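> Encoded as structure tokens, here's the structure I'll be asking about.
Every number in this text was worked out from the coordinates using simple rules, so none of it is lab data. These numbers come from a predicted model, not from an experiment. Quick reminder, even Gly has a Cβ in these numbers, built from the backbone with ideal geometry, and neighbours come from all protein chains shown.
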């Protein structure tokens, strides 16, 4: 079983990102200061054609997946299925993109597994995989799903923090490579959900409301992305989720693949796609230190249709709207944890109905039969 193999991995005493330390009789991870930007960062932008898995594999090849994954490499494909609503495909990772990543990793001899951690109201079990549409893919491809909350955990202390973030211990191992595959959507508290925000979902602690309640959501997102920094980030979807993500999304046809070997570069490009000013995305600013984020477009990259970008930008949240929603949502994080876990998931069907009534009607229908919106070159 891959879970047992992951739990058996022994962490090195020190890497460029952390060092191990004993505190109160237990082992913890202490962050080491390092530079998150990379002047050699590569970004590839490609169109989705008729064969989305194959196009995804091509994008990964162009940004050097073969330099990261080899025979026997364990590859954690961190998807976004905890946030979002059943029946709203733009609110979680695109299945065909995930399939392409699985195929590309296996072609190089790697051993992929899909992973996600429990959320405050949702348990990442087979029922959830069925609701999100992932279960048939896992069965068809024979790829395991790992609930990160069920792996052995370890406390991670970001620099300057008195308290820790609890994460799955195996994800800190240098031999476990991480691919972040978020849903591309706006976020009513963090502006956007992109590659870094997706790693917030890797926190093993179910009661993530503690970070919202403490007013440190941006800092926590940034810290989670530094703790488990993706080796590859893939921002790709047939549709992006506009407006009030992570749950309520106006589906807007997109059809591009953005792949990068640097998580900050991926998010920098992602902000432009989502019509968000990257200088207002606090978790991105924390990890880049307020400086420019260097990257180079890989040969063969395409320009995204300006009309597509305009349609997405029209649904973006203004800074005052983000501040409003943060204040409006704040009281919910004081709902007792047991109440959240035991009862709030029951109202998700209501959220799905509201999305279809008030948001889906303002966007594009889900492409049940995908056809590229452009003429092949």
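> By counting other Cβ atoms within 10 Å of each Cβ, how are 237, 187 ranked from fewest to most?
Ascending Cβ contact count within 10 Å gives the list 187, 237.
> Classify the chain as rounded, prolate or oblate from the Cα gyration tensor: take a ≥ b ≥ c as the square roots of its eigenvalues, call it rounded if a/c is under 1.5, otherwise prolate when a/b beats b/c and oblate if not.
Rounded, since a/c falls under 1.5.
> Output the antiparallel fraction of DSSP beta bridges having both residues in the range 2-362, as a percent to the nearest 5.
60
> Please rank 315, 193, 121, fewest neighbouring Cβ atoms within 10 Å first, as an exposure proxy. Walk me through the numbers before you get to the answer.
Values: 315 22, 193 27, 121 19.
Lowest to highest Cβ neighbour count: 121, 315, 193.
> Measuring from label point to label point, each 7 Å out along Cα→Cβ, what is the residue 364 to residue 8 span in nm?
My value for the distance between the label points is 4.7 nm.
> Once the Cβ-Cβ distance between residue 310 and residue 123 is put in as r, and R0 is 51 Å, what FRET efficiency do you end up with, to the nearest 0.05?
0.85
> Identify the residues of the range 30-59 with backbone N under 16 Å of a label point that sits 7 angstrom from the Cα of residue 106 along the Cα-to-Cβ direction, or state none.
Residues 52-58 fall inside that zone.
> Take every Cα pair under 8 Å in the range 1-141 that's 6+ residues apart, average their separations, divide by the length, and report that relative contact order as a whole percent.
Worked out over the range 1-141, it gives 19 percent.
> In percent, how large is the relative contact order of the chain, given Cα pairs closer than 8 Å and 6 or more residues apart? Working shown, then result.
Numbers: 793 pairs, mean separation 85.0, N = 377.
Computed over the chain, the figure is 23 percent.
> Rounded to the nearest 500, what is the chain's calculated 222 nm mean residue ellipticity when only DSSP H runs of at least 4 contribute -39500 (n - 2.57) each, over all residues?
When only DSSP H runs of four or more count, the value is -9000 deg cm²/dmol.
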